[in-house]
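A.B. asks: Pasting a structure below so you can have a look.
The values are calculated or read from the model by the stated rules, or taken from the named source; none is laboratory data. This is a predicted model, so every value here is computed, not measured. Note: ideal-geometry Cβ built from the backbone for every residue, glycine included; neighbour counts use all protein chains shown. These accessible areas exclude ligands, DNA and RNA; they are computed on the full protein's heavy atoms, side chains included. Shrake-Rupley method; radii C 1.70, N 1.55, O 1.52, S 1.80 Å.
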Amino acid sequence: YYRQFGRILQVLSSIIFLKFYYFSPIHYIEYFLEKRLFMTDISVIIPCYNVSDYIDRCLTSITAQTIGIDVLEIICIDDASTDNTWEKLKQWEQQFPEQIMVIHCDANGRQGAARNIGLGYATSPWISFIDSDDWVEADYFEKLFTIADQLDCDVVACQAERDKSTSLSYLKNR
């Protein structure tokens with residue numbers, strides 16, 4: 001936990017750091033554990049607007065990651081969808097109550113606002129944005145997280161490929 005704790009302090013503003021300056025290191029760890037920090041390594045933020053036809057494929061690809069779902073915090077923001085996206089998101093949250101959080105917006109703020117809302121709920125030291133009509137390879141997070149950890153990176157990126165299929169079909173299997 002100490003290594004992750006140091007990484008989070010780098011992200012926190014100096015004002016917050018000064019607020020906890022007089023605590024011993026063990027108090028820092030207890031505080032952050034209580035606030036649900038360190039429980040996951042990656043916060044996955046997914047803005048959702050009228051994607052009932054795609055959201056199942058997206059969330060299936062994320063929950064089936066080789067890195068394991070226990071290291072993921074999945075935050076889905078329904079941006080005032082008019083289809084049954086919200087109902088599908090609630091079903092996913094019931095299936096994975098510890099890993100998936102769903103947030104409903106009454107007014108559409110577009111993708112940027114939804115991402116910012118998700119950032120407000122994120123508790124992990126790493127953030128990933130996934131579009132709700134996209135899907136990721138089964139080892140997506142494992143590969144990116146391993147590289148980031150080994151090379152002590154601040155940002156990791158990868159290529160994307162256009163896929164017009166309507167089902168989840170991993171590129172490795174084609």
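A.B. asks: Quick one: if you stick a label point 7 Å off each Cα along the C-beta vector at Phe129 and Lys164, how many nm between them?
C.D. replies: Reported label-point gap for Phe129 and Lys164 is 2.6 nm.
A.B. asks: Here is a follow-up. List the residues whose amide H sits under 5 Å from the amide H of Ser128, counting only those 5 or more places along or on another chain, with H placed 1.01 Å from N in the peptide plane.
C.D. replies: Ser43, Val44, Ile45
A.B. asks: About the Cα centre, and with charges only on the beta carbon of Lys, Arg (+1) and Asp, Glu (-1), how big is the dipole of the stretch 73-174? Nearest 20 debye, please.
C.D. replies: 280 debye
A.B. asks: In addition: Could you rank Arg115, Arg110, Arg162 by how accessible they are, 1.4 Å probe, largest area first? Please list the in-between numbers first.
C.D. replies: Values: Arg115 65, Arg110 175, Arg162 205 Å².
Per-residue accessible area, sorted high to low, gives Arg162, Arg110, Arg115.
A.B. asks: First select every other residue whose beta carbon is under 10 angstrom from the beta carbon of Gln99; then total the charges, Lys and Arg +1, Asp and Glu -1.
C.D. replies: Values: positive: none; negative: Asp70, Glu73, Glu93, Glu98.
Cβ neighbours under 10 Å give a net charge of -4.
A.B. asks: Using a 1.4 Å probe on the protein chains only, how many percent of the accessible area of the stretch 44-174 belongs to carbon and sulfur? Mind showing how you got there, number by number?
C.D. replies: Values: 3430 of 7330 Å².
Of the solvent-accessible surface of the stretch 44-174, carbon and sulfur hold 47 percent.
A.B. asks: Moving on to the next point. Per-residue accessible area for Tyr49 at 1.4 Å probe radius, Å² rounded to 10?
C.D. replies: Roughly 110 Å² of Tyr49 is accessible to a 1.4 Å probe.
A.B. asks: Mind ranking Asp106, Asp78, Asp163, Asp134 by accessible surface for me, highest first, 1.4 Å probe?
C.D. replies: Numbers: Asp106 145, Asp78 0, Asp163 40, Asp134 65 Å².
Final ranking, largest accessible area leading: Asp106, Asp134, Asp163, Asp78.
A.B. asks: Under 1.5 on a/c is rounded, so check that first for the stretch 73-174, then, if it is not, pick prolate when a/b is larger than b/c and oblate when it is not; a ≥ b ≥ c are the square roots of the alpha carbon gyration tensor eigenvalues. Kindly include the intermediate steps, with their values, before the conclusion.
C.D. replies: Details: a/c = 1.80, a/b = 1.30, b/c = 1.39.
Note, shape of the stretch 73-174 comes out oblate.
A.B. asks: Give the calculated FRET efficiency between Lys90 and Cys153 to the nearest 0.05, with a Förster radius of 30 Å applied to their Cβ-Cβ distance. Working shown, then result.
C.D. replies: Working: r = 35 Å, r/R0 = 1.17.
Efficiency computed from Cβ-Cβ geometry: 0.30.
A.B. asks: Find out how many positive minus negative residues lie around Asp56, taking Lys and Arg as positive, Asp and Glu as negative, among other residues whose Cβ is under 12 Å from that of Asp56.
C.D. replies: Details: positive: Arg57, Lys88; negative: Asp53, Glu87, Asp133.
Counting the neighbours of Asp56, the net charge comes to -1.
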